Amino acid sequence: GGVFFERENQSLMNVDDVKRELGAARLLEIEAIFKEYDTDNSKTITPDELRAILVRIDERATPERVEEIMASADLNADGVVDWNEFLMMVYSSEKAGHETSFAKVYRKVKATVVRGVGDAEHSDTEEERVSFSEHINHVLGGDDDCAPYLPLDPHSEDLFTKLGDGVLLCKLINDSKANAIDERALCVRQDMSIVHKKQNLNLAINSATAIGCQVVN
């Protein structure tokens, strides 16, 4: 809702509700990126830690730039960005399209390293994200079942968030190998339950393996 679009109202959002909506796996992924900033494990991001990140991703790191980025996420104005503030910034960016200066930096850091659950580590680049997004838009653009998801914005988190219920993944598999999945078994309801999402994802994983894809966690 509109609470995401006014900085002073972001703090009114219920962090616990946000955590429940994102789920354990997504929280672990976001926390891993938070730790990329929080090098002293203080559970907060300081201006010096943000400056180090900016240098690492080849962004301008002047004192004025650091101050401006910090202010965009430091909701209680205590000079640091804590875990809850970081989480709300990510959620606001992904769910409401409200991309602050800090969110733009987060997206670049995430594009460098995305850590999976467990010991897996997955990397992607901005170029790969754009390429994958444009491919999906092209091959699935005429599918009515995919209309609620497309087009993917290649410069946002769409590639990660909109594939989460398995519909686009299953459709991609069938584009790769016709009728690999019996689409009568695919749930395409927009209000599908977590059970149906898991069924779709299991269908995608099993079918991808069956046609010779290597699936990693």
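The values are calculated or read from the model by the stated rules, or taken from the named source; none is laboratory data. Keep in mind that this is a model prediction, so the values were computed, not measured. Reconstructed Cβ throughout: ideal geometry from the backbone, glycine too, with neighbour counts over all protein chains shown. Areas reflect the complete protein model, heavy atoms only, side chains present, ligands, DNA and RNA absent. Shrake-Rupley method; radii C 1.70, N 1.55, O 1.52, S 1.80 Å.
Tell me the mean residue ellipticity at 222 nm calculated for the chain from its helices only (DSSP H runs of n ≥ 4, each -39500 (n - 2.57), averaged over every residue, nearest 500). Kindly include the intermediate steps, with their values, before the conclusion.
Working: 11 runs with 119 residues, N = 217.
Helices in the chain give a 222 nm mean residue ellipticity of -16500 deg cm²/dmol.
What is the distance in Å between the Cα centroid of segment 143-169 and that of segment 44-83?
One Cα centre to the other: 31 Å.
Tell me the relative contact order for segment 22-75 as a rounded percent, counting alpha carbon contacts under 8 Å between residues six or more apart.
About 22 percent, as a whole number.
Of the accessible area of the chain, with the probe set at 1.4 angstrom, what percent is carbon plus sulfur? Mind dumping the intermediate values first?
Values: 6060 of 11920 Å².
Carbon with sulfur: 51 percent of the solvent-accessible area.
How high is the relative contact order of the chain, in percent, with contacts defined as C-alpha pairs under 8 Å that are six or more residues apart?
Value for the chain: 14 percent.
Run the numbers for residue 62 and residue 16: contour at 0.36 nm per residue of separation, minus the present Cα-Cα distance, in nm.
Full extension from residue 62 to residue 16 adds 13.1 nm.
Using a Debye calculation, one point per C-alpha and no hydration shell, please list log10 I(q)/I(0) for segment 34-83 at q = 0.15, 0.22, 0.32 Å⁻¹ in order.
-0.34, -0.74, -1.29
Which whole-Hz couplings ³J(HN,Hα) result when phi for each residue of segment 175-187 is put into the Karplus expression 6.51 cos²θ - 1.76 cosθ + 1.60, θ = phi - 60°, listed in order with x for Gly and Pro?
With the stated coefficients, segment 175-187 comes to 5, 6, 9, 3, 6, 4, 10, 6, 5, 5, 8, 8, 8 Hz.
Once phi is turned into ³J(HN,Hα) by the Karplus curve 6.51 cos²θ - 1.76 cosθ + 1.60 with θ = phi - 60°, what whole-Hz value does each residue of segment 140-152 show in order, with x for glycine and proline?
10, x, x, 8, 4, 5, 8, 3, x, 9, 10, x, 6
Note the full-extension length gain between residue 35 and residue 138 as 0.36 nm times their separation in residues minus their Cα-Cα distance, in nm to one decimal.
33.5 nm
Once you have all Cα-Cα distances for the chain, histogram them in 10 Å bins from zero and send the whole-percent values.
The percentages, shortest bin first, are 7, 29, 35, 19, 9, 1.
Compare 155, 98, 138 in a GNM of the chain, Cα atoms joined below 10 Å, and give the one with the largest fluctuation.
Of 155, 98, 138, the most mobile in the Gaussian network model is 138.
Before I look further, what does the chain give for accessible area per residue, probe 1.4 Å, in whole square angstrom?
Using a 1.4 Å probe on heavy atoms only, each residue of the chain averages 55 Å².
Pick from 79, 23, 164: which residue has the top mean-square fluctuation in a GNM of the chain where Cα pairs under 10 Å get a spring?
Sorting by GNM fluctuation, first place goes to 23.
Quick one: if the Förster radius is 25 Å, what FRET efficiency do residue 189 and residue 210 give, using the C-beta to C-beta distance and rounding to 0.05?
0.50
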